[in-house]
1. Between Arg572 and Met222, what length in nm is gained on full extension when 0.36 nm per residue of separation is reduced by their alpha carbon distance?
2. Can you pick out the pairs among Lys237/Lys351; Lys45/Lys125; Lys237/Lys496; Lys351/Lys421 whose Cα atoms lie more than 24 Å from each other?
3. Decide, for the range 250-344, between rounded, prolate and oblate: order the square roots of the alpha carbon gyration tensor eigenvalues as a ≥ b ≥ c, take rounded if a/c falls under 1.5, and otherwise choose prolate if a/b is larger than b/c, else oblate.
4. Where does each of 420-431, 489-500 land if you order them by average Cβ count within 10 Å, highest first?
5. Using the alpha carbon gyration tensor of the chain, what are the three equivalent-ellipsoid semi-axes (square root of 5 times each eigenvalue), largest first, in whole Å?
6. Counting other Cβ atoms within 10 Å of each Cβ, which GluC sites (Glu not before Pro) in the range 426-481 have at most 12 and sit in a DSSP loop?
7. Relative to the longest principal axis of the C-alpha atoms of the chain, give the angle of the C-alpha long axis of helix 406-425, reported between 0 and 90° and rounded to the nearest 10°.
8. With a 1.4 Å probe and all protein chains left in place, how much accessible area per residue does the chain have, in Å²?
Amino acid sequence: MIRKTIQYSKKIPEQALDGIPSSPGLAFGRAFIISPDNIIIPDEKIDESRIQEELNRFHGALHDLEAELNFILSRVSFESYNVQTIIQADLLIVKDDIFNNTVKNTILSGYSSESAIIKEFDKQKSFFNLTDDRTLRERAAEIDHIKERLLSFLRKRNIYYPVDEQSVVVAQSLTPADLVHFREAGIKGIITEVGGITSHASILARSFEIPAVIGVTNATEMIEHDSPLIIDGYYGKIFCNPKQKTIIEYQLRKSKEDLHRTELRDLVKLASKTIDGREIKLYANIDFMEDIETSIQVASEGIGLVRTENMIINLKHYPNEEEQYNWYCELADRIYPASVTIRVFDIGSDKYSEGILHHENNPALGLRGIRFLLSRPDIFETQIRAILRASRNKNIKMMIPMITHKSEADRAIQLIEKNKKELKAKHISFDEDISVGLMIETPAAALIADKLANIASFFSIGTNDLAQYTLAADRTNEMVSDIYNPLHPSVLQLIKLSVEAAQKYHLPVSICGELAGHAGATALLVGLGVDELSVSPSILLELKHRIRSINYKDSVRIAQAALQCTSYDEVRELLNIKN
Ligand code: PEP
Ligand code: MG
């Protein structure tokens, strides 16, 4: 419902904008614009309690800039001596302790990192400008350049935005960390200019049940700060300064939506079976401990995916064994006797955390998931030990992300076995038969699925990444969102291969990517032979409703027909999907 505090103006005309629906729901609120320009507040004073956080942000930005400059240096060293010299000079500025200390002192005196950087870099620049030395005057331009880069690295970090329970955040793009902050502030909705439907920010918006519309061109310029907004996360529509007629229409829709949600609750006690009796187990994907509550309320079979890397993103450091152990025990205990599938850290790519990873030019193809963990056995083994210790009640499964080589799975299993032996020697109890599953989320893994099935306890198909890597389209980039499509026939063929391999070895196979919850894809996935679906708890009952209204035999026919399609458009037509 619209709160009384929102006054809709009769004088300002309604403006309708379109985007990509990214998280369902209807919301009424006021625009809170986050544009690069209003991030920088030259004289922003901060509370003493924020000083340490600001110092960390500054250090993180310096660290990132240094990594970036070193990377550029490694690329230009053979090409241009001049460029090399400029970058080396930039590096000297970035590493200049005396200068960095002046910025730190300004932060310590109560300014935000942005303000301190602007103040001290501008001072330094005017000093260079005043000298007669031409070389030093030229350096002034470089100072500006470094200032801009540092500010842009800071922008990617957690910045405190004074949003509230009326805010609809309008931004170019958002990070998962932003989303966490916004959920805590209780914002009403999200509008972004960029970002893909399966970017982690979108996934979080869905799991937080915050209506979101993405891919809205120039939203931060088109929408005025504080203007009243209606956002429709089902159809990707936005109304700025909505007229009375629109408000009434959407209020009506919102009441219907609330009613539908109440009706869905009746489904909680019913079985997840097709009309002709095939059972499809429904699990919940969770990112945060609080999501367990909803998973239990909707009576999920258990947790099908815990994205443990969110711990790193929240804490901004790798959690130690005890921190992890406590967290995993709490998860396992709260969901008991149901099971929880803990995925080991899938850090990397767009799941970036401040100061944790080094700079990579092409991170989606870089040191991510199991690749990173095998390069840091210290981090991996700490996590393995924490999971094993927490498995004492035998309701934890472990899952390995981003497998491309069988040797990665072999090595991961060896490390798990090694840690089991060590715990046994210390008489620490754990589940000796803990299931270790593999994620099938690269074409390589799907194509060797029969080799992987031999060593796995279960498969979980990560269609978000499987589509990204099969179609060579960045899942976070709205410019290729028409190419990125998990219903492309090539992705369906890979799902089929994975399911067949799992069936051959009698392994359970689930889908935990966003496709599992796609309203038009339920019959197709059931028909492809998937046993389990794992989705955000907020949509689990809708999914159960769909499963209960389909026939398995018909689904098999639909799946067979989809596998014959030559394009996404054909699949879409077959499945009756509107857009
Ligand atoms: C996937 O890739 O489909 C998946 C479930 O993992 P994530 O979205 O965390 O990469
Ligand atoms: Mg993935």
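1. Details: separation 350, 0.36 × 350 = 126.00 nm, distance 3.26 nm.
Taking 0.36 nm per residue and subtracting the Cα distance, the gain is 122.7 nm.
2. Values: Lys237/Lys351 28 Å; Lys45/Lys125 22 Å; Lys237/Lys496 35 Å; Lys351/Lys421 32 Å.
With Cα atoms farther than 24 Å apart: Lys237/Lys351; Lys237/Lys496; Lys351/Lys421.
3. Details: a/c = 2.85, a/b = 1.58, b/c = 1.80.
Taking the square roots of the gyration eigenvalues as a ≥ b ≥ c, the range 250-344 is oblate.
4. Numbers: 420-431: 12.7, 489-500: 21.0.
Highest-to-lowest ranking by the protection proxy: 489-500, 420-431.
5. On the way: eigenvalues 343, 207, 104 Å².
Semi-axes from the Cα gyration tensor: 41, 32, 23 Å.
6. On the way: sites: Glu432, Glu441, Glu478; in loops: Glu432, Glu441.
Taking the range 426-481 and a limit of 12 other Cβ atoms within 10 Å, the loop GluC sites (Glu not before Pro) found are Glu432.
7. Result, in degrees: 90.
8. Working: 25940 Å² over 579 residues.
Per residue, the chain has 45 Å² of solvent-accessible surface.
The values are calculated or read from the model by the stated rules, or taken from the named source; none is laboratory data. Computed from a predicted model, the values in this text were never measured in an experiment. Note: ideal-geometry Cβ built from the backbone for every residue, glycine included; neighbour counts use all protein chains shown. Side chains included, ligands, DNA and RNA excluded: accessible areas come from the protein's heavy atoms. Shrake-Rupley method; radii C 1.70, N 1.55, O 1.52, S 1.80 Å.
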